Amino acid sequence: MRTNHQPILLRLLTLPALILALTACSSDGTPPESAQGKSEKPNIILIMTDDQGYGDLGAHGNPNINTPHIDALHDESIRFTNFHVATTCAPTRSGLMSGVNCNRAGAWHTVVGRSFLGSRFSTLPELLGDAGYTSGIFGKWHLGDNYPFRPQDRGFDEVLIHGGGGVGQTPDAWNNDYFDDTYFHNGEQVKYEGYCTDVWFDAAKAFIKEKVDKKEPFLAYISTNAPHGPFHVDEKYSAPYRDNQNIPNPNFYGMITNIDDNVGALRESLKIWGADDNTVIIFMTDNGTSAGASFGKGQQVVKGYNAGMRGKKGSEYEGGHRVPFLIRFPDRDGLKPGSYDELTTYTDILPTLLELAGGKPAKEYPLDGTSLMPLLTTGKQEELEDRIVVVDTQRKDLPVKGKNSCVMQGHWRLINGKELYNLKADPSQRENVMAGNEGFASTLQNAYEAWWNSMEEDFKITHRMIIGRELRKTDLLTSHDWHTEKDPPWNQGQIRAGKVDNGWWALEVAKAGQYAIQLFRYPPELALPFSATVPPGEAVPGGEAYAAGVPIIPVFAKMKVGVQEFEDKLGAEDLSVAFNAYLEAGAIDLQTWITDVDGVERGAYYVVVERFE
């Protein structure tokens, strides 16, 4: 059930009344025929890459990278040159899907159970579904691997994804390494041949072709894990960059060039299928660059290219959150290529696409974003003129006020309440001009205070994975989602290394009953004991293979679920240890402890919870 949250206190952050324009909706929410030029709804392809920054495109002035197809899309698109997302992966995705700020949505981190998009928020595919659209996701989801947070729970009709926040992370299929991997197709593990990015685009093209043939409007969300690390890519893509001494990471650029090839092939397919003239294409990225440049003192570039910006992924400075945002409209829509410098943000995408497609936002809560269609159709939008937008980087179990914050208005930036920059005069944010501008800085700080206060009730909500449902009585939990103040074992390399850490899972029991809770070190399907070393992985083009596992010799296991505590002896050759508990319906926390022969305690990295009659 969705519940209301506090209304946004800033006028500039509320959703304005949708302006009747070229694509204005009729009273039943359907775009009038005259607004579209054709009676059928426009198709939507949204491409979002992972960790590719604003400067990691040739069209943005990068002299070192080869991206001809995305550059061509750039030239044919409406470009937003002052567009901002969150500073890391899951937060951006939560705002994109919900239209509300990531902190409000509940996804202010990438792990620790704080990467889940709160189930009380309606999502883009759900709302487009109400408008007659079929939606597919191909690649990275990173908003939860358990019910009710999976993409198939949030409105997607076709799902092909890896687990967790990247290929090779703890919730992903074991030994995935970007090549010939096993992915989750509509909830089931399926083996695929080929490089991950190619797999995502090929599956998306098959989905698109089917919908085009049936004349059904669709959303195809192609969300690549590349060029996120590990930086694995075929040598043919990385080799052209190896001799350039100004490129910090040739593999990173090679991964982007592979994406570019796929964008070109997709666009050619659209033309062949006759779908090009009724398909909106969006290209964006989820945060600043992770490896397109090297940074020194003050987060300033010392090698590579970052479009003159300070900071990278995770930073509150401009390079952490200003990203490409391109929208290519079919010519018939009358929206011509050009650039807009208005301050825009990732939460604007949902209301913009809903207005374009004739959908409606949910009524239960206000959005933090606003539709940009008035700007696109009239060339101006009053709501954007004095708009204030806040981004921050939390990466904590609970948000901390003032942490790594950036308050933006136009080209002004207030950093952490202490530094003020005018990007028009100082795009690299080298000169703090707080002195002499204290009054203006105070106005921005007051806006931050109001923004923060509007979300304090949301911070109190713990988004819980639901176990023991009637339709799925068995659930797999992974250490990726432990609540802890430290980063948990979120990738398979750490599982192999036996990382020492622990945390608790936030759960909700769907149905009271007797439950078997089974603790594992390795994924249950491997049927390996805690002491298993597991062999090293196969060699990977452009990267290092998985290392062999480190043995853990356990002697004792303990579990606490709610107020109940259980313990048992555990041997080196045991595959797991199981406890039976009667669980009442409702919220409950679960934590485990595995003590080894040296007295070192770890949590169980994988836990299977099964309800039985």
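Bear in mind that the values in this text are calculations on the coordinates, not laboratory data. Just so you know, these numbers come straight off a predicted model, no measurement behind them. Note that each Cβ is placed from the backbone with ideal geometry, even for glycine, and that neighbours are counted across all protein chains shown.
Here are the numbers:
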quantity	calculated
Cβ-Cβ FRET estimate between SER294 and VAL555, R0 fixed at 51 Å, reported to 0.05	0.65
Share antiparallel - DSSP beta bridges, the chain, percent rounded to 5	70 percent
Calculated log₁₀ intensity ratio I(q)/I(0) where the Debye formula runs over C-alpha points of segment 41-385, q = 0.07, 0.16 Å⁻¹	-0.25, -1.58
GLU456-ALA206 pseudo-label distance in nm [points 7 Å out on the Cα-to-Cβ vector]	5.2 nm
Alpha-carbon centroids, segment 70-109 and segment 290-308: separation in whole Å	21 Å
Stretchable slack from SER442 to TRP593, in nm (0.36 nm times residue separation minus alpha-carbon distance)	49.5 nm
Kirkwood-Stokes translational diffusion coefficient of segment 465-612, alpha-carbon pairs, 20 °C, 1.002 mPa s, µm²/s	135 µm²/s
Simple spin-label estimate for GLN189 and GLU601 in nanometres, 7 Å along Cα-Cβ	3.1 nm
Helix 438-453 axis, angle to the chain major axis (alpha carbon atoms, nearest 10°)	50 degrees
Between 0 and 90°, nearest 10: helix 250-272 axis offset from the chain longest Cα axis	60 degrees
Listed candidates [x] 80, 54, 44; [y] 70, 62, 56; [z] 82, 81, 51 - label of the one calculated as Cα extents along the principal axes in Å	[y]
Range of Cα positions in segment 175-333 per principal axis (Å), largest first	56, 42, 31
Least to most buried among SER223, SER531 (fewest other Cβ within 10 Å first)	SER531, SER223
Peptide ranges 499-508, 339-348 listed from the most packed, as the mean C-beta count within 10 angstrom indicates	339-348, 499-508
Full-stretch length increase - LEU575, LYS214 - with 0.36 nm per residue and alpha-carbon distance subtracted	125.0 nm
Extension reserve of the ASP386-ARG430 stretch, reckoned as 0.36 nm per residue once the Cα distance is removed	13.4 nm
Approximate spin-label separation GLU449-ALA265, in nm, with each point projected 7 Å along Cα-to-Cβ	5.5 nm
Shape of segment 457-534, Cα gyration tensor, a/c cut at 1.5	oblate
Ranked packing of 484-492, 272-280, 369-377, most packed first, by mean Cβ within 10 Å	369-377, 484-492, 272-280
Gyration tensor over alpha-carbon atoms, segment 283-324, equivalent ellipsoid semi-axes in Å	16, 10, 8
Order of VAL233, VAL550 - criterion: other Cβ atoms within 10 Å of each residue's Cβ, fewest first	VAL550, VAL233
Calculated FRET value between PHE566 and ALA72, using beta carbons and R₀ = 51 Å, to 0.05	0.25
Stokes-Einstein translational diffusion, segment 555-613 - Kirkwood Rh over all Cα pairs, 0.890 mPa s, 25 °C, in µm²/s	196 µm²/s
Angle between the chain longest axis and helix 89-98 axis [Cα atoms, degrees, rounded to 10]	60 degrees
